[in-house]
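Data first, discussion second: the structure below is written as structure tokens.
The values are calculated or read from the model by the stated rules, or taken from the named source; none is laboratory data. Just so it is clear, the structure is predicted and the values come from calculations on it, not from any experiment. FYI the Cβ positions are ideal-geometry reconstructions off the backbone, even for glycines, and counts take in every protein chain you see.
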Amino acid sequence: MTRTAAKACIACRERKRKCDRFIPSCSLCYRLGRRCQYEPRIRLPSQDIRAPGGPTISLPSRIAAPSTNPLSSPRLFDHGSLIRPTVNIMITEKLKQSVGDISGVRNAATRYFSSIHVWFPILSELSYYERLTRAFENPCAEYSLLSLTLLLITTTPPVTETLDSFTSLYILVKSSIAIVEAANINSLEIVQSRLLVSLFEFGHGMPAAFISIAATVRAAVAIRLNETIKTPCIDVSADCSKLEEGLRVWWGIVMLDRNYTLERGEGPCATQDLGTPRHLPRDGSIWDQKILSSAAPLSLSTPSNVRVGPFARQAQVSHVLDILMMQLRDPKANDTLDKEESDQIARTLTAFSLLLPEETPQPWPRYCGAIGMCYSALMTLHESRQDPSLPIELGDSYFPGSLASSLTRMNSISRRFNYKIEQVDIEAISPFPPRSLYKAASIQYRIWKQTGDRKWLQSSDAMKLMLTHFSKRWMNAAKLLDILEEDRRTYKTHIPSQSASYLL
């Protein structure tokens, strides 16, 4: 006698086809030569209770007395394998609907590895491409979700059309994350996907970034990613390459978290007290090919005169950001920094700001993130220690750590960037610099308002133009640009007649 399942197979239900429910394979799957899968029958154990003077009544165990462990979950969700096949197919179908075929997946990956990956290398290019050709043959929720996030992060906001398609893709990816989370699926690939979505939200000024970054941190801690960073790997095995990938992912989370917290201006970092890596990520061009040196990786305190990779430089700058924010959060600081501490942080940031543009003839986009974080920290530092009643406190204009000197260097960078804009890959630029450009331009508009000196206006307009270029890629830059435009209109009506060009 032929055995039959209680419900239609997964493939027939997904395609809404009639299924004869034969075991081990329905007739349709057998005829098409595809794998036939049924959801396993789940029998919940019962609990017998006896009413006083009455018969025994069986109740489902889900309403039994709670477990002694408050974090325990219902048995149905203790084993993700029960619904894993369905989720694999579901997320892969979403990917197929978004890109069409394998060539669409490959095109999205090519754009990602030639843009975002240049300055934010948290994903192994070689490992990703090794699995690409089998993406639809062997559905995998983690790989399909990661591929969807590569498509999302490389999508630029439309210039003339509405944001409908742009928003739809974002909602599709967010719903996919919710599905894998409900299925109790979590891995390094899921954390990478969450991180890229958080970066997308940060770059486009979405309030959801606040929650997403914290959720990404929790997902990383759940797979103990913050613990694997404690011991550096010094062999050349594939396992070591995977550990290095985990280190880079944790560094990416830390960088984004610190930069977001600095921009937000309040609250501690989500990664606070969860561990800062003591070692820098290795050179990306070597790691991408799964070739690792047996030498120990460089420490976080490696001096600036020792050449390291762009991602490692970004890690070092983010560490200085953390020191700055810890000082600002110190209750003894009273919203201002101690001069000695402030000067030390300024010297460190200034050293990086002088070094980064010179480490490569084309710092954009490779050092884009590090430069952005560096000047965001410098602007925050100078705001924290200047007299709030004044637009600027120049101090010694020739001192490299002074605000005037920092603004001069930013003016030089913005003019060089604008002049060579045809050589810059806009799709590859980082979302980290816009805040520093906005802050610096706003400060200089205030100086222009009080002094009437047009060189401040010219410098701020150069930064405004650079911010305009960034707005073509990241909507957060467009939002800051709108605020800056309003500031400029406001200050234009309050310009004094006297000039103060002697200030510089």
- I122 buried (at least 21 other Cβ atoms within 10 Å of the Cβ), aliphatic (A, V, I, L, M) and not in a helix (DSSP H, G or I): yes
- Query: What's the number of the condition V159 fails, among (1) buried (at least 16 other Cβ atoms within 10 Å of the Cβ); (2) in contact (Cβ under 8 Å) with a residue 40 or more places away in the chain; (3) not charged (D, E, K, R)?
  - Reply: (1)
- Selection from the range 279-307 of residues modelled with pLDDT of 80 or more, under 27 Å from T216 (Cα atoms) and in a loop (DSSP other than H, G, I, E, B) yields L280, P281, L298, L300, S301
- Query: Considering the range 301-327 alone, what residues qualify as being among the hydrophobic types (A, V, I, L, M, F, W, C) and more than 15 Å from R347 (Cα to Cα)?
  - Reply: V306, V308, F311, A312, A315, M325, M326
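Yes/no matrix, rows are residues, columns are (1) out of contact with any Phe, Trp or Tyr (no Cβ under 6 Å at 6 or more places or on another chain); (2) modelled with pLDDT under 75; (3) not aliphatic (A, V, I, L, M); (4) not assigned by TED's automatic domain parsing to the domain that holds S114:
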| position | (1), (2), (3), (4) |
| --- | --- |
| I323 | yes, no, no, yes |
| E341 | yes, no, yes, yes |
| L354 | yes, no, no, yes |
| P361 | yes, yes, yes, yes |
| A377 | yes, no, no, yes |
- Could you say which residue among A141, A109 is surrounded by 20 or more Cβ atoms within 10 Å (Cβ to Cβ) and closer than 15 Å to S187 by Cα? A141
- Residue in the range 169-184 that is farthest from L150 (Cα to Cα), counting only those that are hydrophobic (A, V, I, L, M, F, W, C) and buried (at least 20 other Cβ atoms within 10 Å of the Cβ): A183
- So which of T156, T149 is under 18 Å from the mean Cα position of the chain (by Cα) and in a helix (DSSP H, G or I)? T149
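Quick grid of which residues meet (1) more than 29 Å from E142 (Cβ to Cβ); (2) modelled with pLDDT under 85; (3) assigned by TED's automatic domain parsing to the domain that holds Y143:
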site	(1), (2), (3)
T2	yes, yes, no
S25	no, yes, no
R31	yes, yes, no
T56	yes, yes, no
A65	yes, yes, no
T68	yes, yes, no
I91	no, no, yes
I102	no, no, yes
N107	no, no, yes
- Of all residues in the range 305-324 being aliphatic (A, V, I, L, M) and touching a helix residue (DSSP H, G or I) at 6+ places or on another chain (Cβ under 8 Å), the one that is surrounded by the most Cβ atoms within 10 Å (Cβ to Cβ): V317
- Query: So is T110 more than 15 Å from the chain's Cα centre (by Cα) and in a loop (DSSP other than H, G, I, E, B) or not?
  - Reply: no
- Query: Here is a list of conditions, (1) among the hydrophobic types (A, V, I, L, M, F, W, C); (2) assigned to a helix (DSSP H, G or I); (3) surrounded by fewer than 22 Cβ atoms within 10 Å (Cβ to Cβ), and V217 meets all of them except one; can you say which number that is?
  - Reply: (3)
- Residue that is free of Cβ contacts under 8 Å to residues at least 24 places away in the same chain and farther than 18 Å from A208 by Cβ, where the choices are L243, L274, L262: L243
- Query: Quick one: is A441 farther than 18 Å from G369 by Cβ, crowded, with 16+ Cβ neighbours inside 10 Å and within 28 Å of the chain's Cα centre (by Cα)?
  - Reply: yes
